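The values are calculated or read from the model by the stated rules, or taken from the named source; none is laboratory data. All values reported here derive from a predicted model rather than from experimental measurement. Cβ: placed from backbone, ideal geometry, glycine included. Neighbour counts: every protein chain shown. Side chains are part of the model used for accessible areas, which takes the heavy atoms of the whole protein and leaves out ligands, DNA and RNA. Shrake-Rupley method; radii C 1.70, N 1.55, O 1.52, S 1.80 Å.
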Amino acid sequence: MRGRRVPRLGSVEVPGAAREADMLRAGAASPARGSQVAEDTGAPAGGGEERPGRQPPASALRLPDNKPQGGSEAGRTPDHDLQRGCLNRSPRNAPPAPGMGERGAQHERAALQSPGAPEGAAATVNGLLHNGFHPPPACSRDPLPARFQLSSELQPQPQQQPLFSQHDSPAKKCRLRRRMDSGRKNRPPFPWFGMDIGGTLVKLVYFEPKDITAEEEQEEVENLKSIRKYLTSNTAYGKTGIRDVHLELKNLTMCGRKGNLHFIRFPTCAMHMFIQMGSEKNFSSLHTTLCATGGGAFKFEEDFRMIADLQLHKLDELDCLIQGLLYVDSVGFNGKPECYYFENPTNPELCQKKPYCLDNPYPMLLVNMGSGVSILAVYSKDNYKRVTGTSFGNMMSKEKRESISKEDLARATLVTITNNIGSIARMCALNENIDKVVFVGNFLRINMVSMKLLAYAMDFWSKGQLKALFLEHEGYFGAVGALLELFKMTDAQ
């Protein structure tokens, strides 16, 4: 010990080193070498609490200023206390307390020399960390006496970044608070949308919250208010957008919020105007991702990103169709059943619409009639297969319809297409041993001719064994499924 060099940190001598040498020569009780190393570096010697390491005089310290913007005390760390001279350090030359002698040194050496010790453990003990503190050794058991413990103010705390910058606008601060609150409650921030972008029509569902608190109303940004008012105060948008008011589902509870679900459609050829409107209303300040399904989710993905600064979360079309259908059927149509059929379809005078309970839907044949036709055999909500499908004569296209001059030709085309679909559906039902056939899709919207024709075909060709079933929200189930996926994404996060 006599030839021991005085420890240095940079070019500054560590205070107290000479006094320790004098105490050792005077025969004072001294901890073993392992404990001495811990004393020199500030690491605990067998204790469960941390001790501050030895520091050079304040003039030799160069600590970064990590004070958060805006003067918040939330991000206060021991570095700040040290800069302000607020550290209350224990006397450096106090005699070792019980539990800090050879036993503590043995624990320290065991932690450093054990085969399972993390790589670089010795370097941690022999070098100061950036804030002057060291973690306790894994094997330490004896607590430090109270006089060696740090006050709660000096305990090392993780540095926190301020939620807001002093330069943020009030709208941005409000938006960040809303997103933070939504994350804590496992729900996405408003507005809530689901989209099904088909070849002919875009189907959009929008959830309008009706349980908005006074605080939420006050903090709600103007963009969100504008979008809600625009969508719920109009039944038509431009020349082609339509809100199907008669299909509105009222008093729903979705993701813990109560409100109404609105159903909106517009031609796919008007998609660029919709994207431009989203850009003008600064929709990306409220959302960065939209849940969308259908072939148009791939076709218009780049336009959404470049024009409106929005990402499309693309979803499987058939998954969304089935999940949306099952959800809407489970909540019902404002107190009435969602599903129905036509009684006495072969007798025009007695044919009438009747409700149908779809509580036990499996197995069922699901025929989705849009710009194209997909026929699915559904055995459970997660077990289904696409049996077959077919394509249209583009009779949903306005340009195609205007090119036809005779009404009889139009009706003949409609009947031909419907009979083709009905025939394929019946054969699929027989092959899959299924007696319920559910028809959905916008082809059936305001198309009583086709619905009754399908009901007739199913009943006649199966000799009463097959029923053609229909649903009130025939073309919107894919969009509803996309909205449900938005909630699942939030839960996963």
Next item on the list: Would you mind counting up the charge near residue 460? Only other residues with Cβ under 14 Å from its Cβ, with Lys and Arg at +1 and Asp and Glu at -1.
Entry: +3
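Once R0 is set to 30 Å, what does the formula 1/(1 + (r/R0)^6) return for the Cβ-Cβ distance between residue 277 and residue 248, expressed as a FRET efficiency to the nearest 0.05?
Values: r = 22 Å, r/R0 = 0.72.
The value I calculate is 0.90.
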Check: Between residue 289 and residues 5 or more places away or on another chain, which pairs have amide H atoms under 5 Å apart, with H built 1.01 Å from N, and which residues are they?
Finding: 311
Next item on the list: Give me the percent of the accessible area of segment 242-281 that comes from carbon and sulfur atoms, probe 1.4 Å, all protein chains in place.
Entry: 56
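For residue 407 and residue 383, FRET efficiency with R0 = 45 Å and r from the beta-carbon atoms, rounded to 0.05? Provide the component values of the computation, followed by the final result.
On the way: r = 44 Å, r/R0 = 0.98.
E between residue 383 and residue 407, to the nearest 0.05, is 0.50.
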Margin query: With a 1.4 Å probe and all protein chains kept in place, how much accessible area does residue 330 have, in Å² rounded to the nearest 10?
Written below: 90
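State the percentage of accessible surface on segment 409-468 attributable to carbon and sulfur atoms; use a 1.4 Å probe and exclude ligands, DNA and RNA.
Working: 1670 of 2970 Å².
Here it works out to 56 percent.
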Next item on the list: Could you let me know the centre-to-centre spacing of segment 277-304 and segment 341-362, using Cα atoms, in angstrom?
Entry: 39
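Can you tell me how much longer the chain between residue 433 and residue 213 gets when fully stretched, taken as 0.36 nm per residue apart minus their C-alpha distance, in nm with one decimal? Working shown, then result.
Values: separation 220, 0.36 × 220 = 79.20 nm, distance 5.21 nm.
Length difference between fully extended and current span is 74.0 nm.
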Checklist line | Rounded percent of accessible protein surface that carbon and sulfur make up, segment 294-380, 1.4 Å probe | finding: 48
Check: Within segment 203-302, how many Lys pairs sit with Cα atoms under 26 Å apart, leaving out pairs fewer than 8 places apart on the same chain?
Finding: 25
Next item on the list: For an R0 of 35 angstrom, estimate the FRET efficiency from the Cβ-Cβ distance between residue 448 and residue 313 and round to the nearest 0.05.
Entry: 0.45
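At 1.4 Å probe radius, can you tell me the per residue accessible area of segment 244-329 in Å²?
Values: 3750 Å² over 86 residues.
Per-residue value: 44 Å².
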